[in-house]
Amino acid sequence: MRVAGFDAPGGPDVLRVMEVPAPEAGPGQVRVRVRAAGVQPFDLARAAELGVRTPPDKRSAARVAEAARFHAEGRLRLHVRATFPLDRAADAHRLVATGHGRGKVVLTLG
């Protein structure tokens, strides 16, 4: 199977498309197909602890304020596909898992 992987230390520049054997599920295990994955801030922090070069974190209060200003000026539009109360998070997850439609799915508190 084709994967984006690395076989040397470094930053994002060492990633390449590789052919690897497809994993097999062992006793009491299941194989899960992953259609998309993301890297979260925690992942980057852990990678940095292990000596992997990571891109700089560009999140800041100033950038959030700039995004809010763009939205207020009509220069940034956010499409909300659906809103669910927190106790219906499973329904929200099912909707996202369909892969259909566009826009954000929002969980509300209270």
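Taken together, the values in this text are just the output of simple stated rules run on the coordinates, not laboratory data. What you see is a predicted model, and the numbers here were worked out from it, not measured in a lab. We place every Cβ from the backbone using ideal geometry, glycine too, and count neighbours over all the protein chains shown.
Tell me whether region 1-57 comes out rounded, prolate or oblate; compute the Cα gyration tensor, take square roots of the eigenvalues as a ≥ b ≥ c, and use a/c under 1.5 as the rounded threshold. Kindly include the intermediate steps, with their values, before the conclusion.
Details: a/c = 2.26, a/b = 1.63, b/c = 1.39.
Prolate, because a/c is 1.5 or more and a/b exceeds b/c.
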> For region 94-99, what does the Karplus curve 6.51 cos²θ - 1.76 cosθ + 1.60, with θ = phi - 60°, yield as ³J(HN,Hα) per residue in whole Hz, taken in order and with x for Gly and Pro?
Replying inline: 4, 5, 5, 5, 5, x
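When a/c reaches 1.5 or more, the comparison of a/b and b/c decides; with that in mind, is the chain rounded, prolate or oblate per its Cα gyration tensor? Could you put the intermediate results ahead of the total?
Values: a/c = 2.26, a/b = 1.29, b/c = 1.76.
Since a/c reaches 1.5 but b/c is at least a/b, the shape of the chain is classed as oblate.
Can you give the net charge of the other residues whose Cβ lies under 15 Å from the Cβ of residue 46, counting K and R as +1 and D and E as -1? Please report the intermediate quantities before stating the final value.
Numbers: positive: 53; negative: 43, 49, 57.
Charge balance in the 15 Å sphere: -2.
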> Pick from 36, 48, 62: which residue has the top mean-square fluctuation in a GNM of the chain where Cα pairs under 10 Å get a spring?
Replying inline: 36
> Taking the Cβ of residue 65 as the center, what net charge do the other residues with Cβ under 15 Å away carry, scoring Lys and Arg +1 and Asp and Glu -1?
Replying inline: +3
>> Between residue 68 and residue 4, what is 0.36 nm times their sequence separation minus the Cα-Cα distance? Round to one decimal in nm.
In response: 19.6 nm
> Using a ≥ b ≥ c from the Cα gyration tensor of region 32-75 (square roots of the eigenvalues), is it rounded, prolate or oblate, where a/c under 1.5 gives rounded and otherwise the larger of a/b and b/c decides, a/b for prolate?
Replying inline: oblate
> Which listed residue (12, 54, 89) has the Cα farthest towards the positive end of the charge dipole for the chain, taking +1 on Lys and Arg C-beta and -1 on Asp and Glu C-beta about the Cα centre?
Replying inline: 89
>> What does the extension gain come out to for residue 98 and residue 18, with contour length at 0.36 nm per residue minus their alpha carbon separation?
In response: 26.0 nm
>> Where in the chain is the longest stretch that carries no GluC sites (Glu not before Pro) classed as loop by DSSP and with at most 10 other Cβ atoms within 10 Å?
In response: 25-72
> With θ set to phi - 60° and the Karplus curve 6.51 cos²θ - 1.76 cosθ + 1.60, what are the ³J(HN,Hα) couplings of region 103-110 in order, to the nearest whole Hz, using x for Gly and Pro?
Replying inline: x, 7, 10, 10, 9, 10, 10, x
> Which residues' amide hydrogens lie under 5 Å from the amide hydrogen of residue 81, considering only partners 5 or more residues apart or on another chain, with H built in the peptide plane?
Replying inline: 104, 105
> Does anyone have the angle between helix 61-72 and the longest principal axis of the chain? Alpha-carbon axes, 0 to 90°, nearest 10?
Replying inline: 50
